[in-house]
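Following: one structure in structure tokens, then a few remarks.
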Amino acid sequence: MSEESAAEVVVYENGPLVLRGDVAIVGQDGAPVDARRRTVALCRCGRSAVKPFCDGSHKVVHFRAPGQGLR
Ligand code: FES
């Protein structure tokens, strides 16, 4: 990260979105989701048993997605 207070989201190839920094995660109803740490991995394969967090299931289901934006 370029600034200590900035947050960033890293898109991992075939894996989760990793958030680093101070980011508030809230549910659809606006209720806070307790991330418990400053770096969290959010599931984008849809198979995690602990959504919205990644539990590694993307490897089991051979999730495939690019590690950067669509071209
Ligand atoms: S991206 Fe890891 S379990 Fe979905």
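The residues of region 22-71 present an accessible area of 79 Å² per residue when probed at 1.4 Å with all protein chains retained. Calculated mean residue ellipticity at 222 nm for the chain: -1000 deg cm²/dmol, from DSSP H runs with n ≥ 4 weighted as -39500 (n - 2.57), summed, divided by the residue count and rounded to 500.
Which of rounded, prolate, oblate describes the chain, given a ≥ b ≥ c as roots of the alpha-carbon gyration tensor eigenvalues and a/c under 1.5 marking rounded, otherwise prolate only if a/b is larger than b/c? Oblate is the answer for the chain, as a/c is 1.5 or above yet b/c matches or exceeds a/b.
Loop-resident GluC sites (Glu not before Pro) (DSSP state other than H, G, I, E or B) in region 1-68 with no more than 14 further Cβ atoms inside 10 Å of their Cβ: Glu3, Glu4, Glu13. All other residues whose Cβ lies under 14 angstrom from that of Arg47 are scored, Lys and Arg at +1 and Asp and Glu at -1, for a net of +3. The packing ranking of peptides 49-59, 27-37, highest mean first, is 49-59, 27-37, where packing means the average number of other beta carbon atoms within 10 angstrom of each residue.
The values are calculated or read from the model by the stated rules, or taken from the named source; none is laboratory data. In this text the structure is predicted, and so the values were computed from the model without any measurement. Neighbour counts are summed over all protein chains in view; Cβ atoms, including those assigned to glycine, are modelled from backbone coordinates with ideal geometry. Note: areas computed on protein heavy atoms with side chains; ligands, DNA, RNA excluded. Shrake-Rupley method; radii C 1.70, N 1.55, O 1.52, S 1.80 Å.
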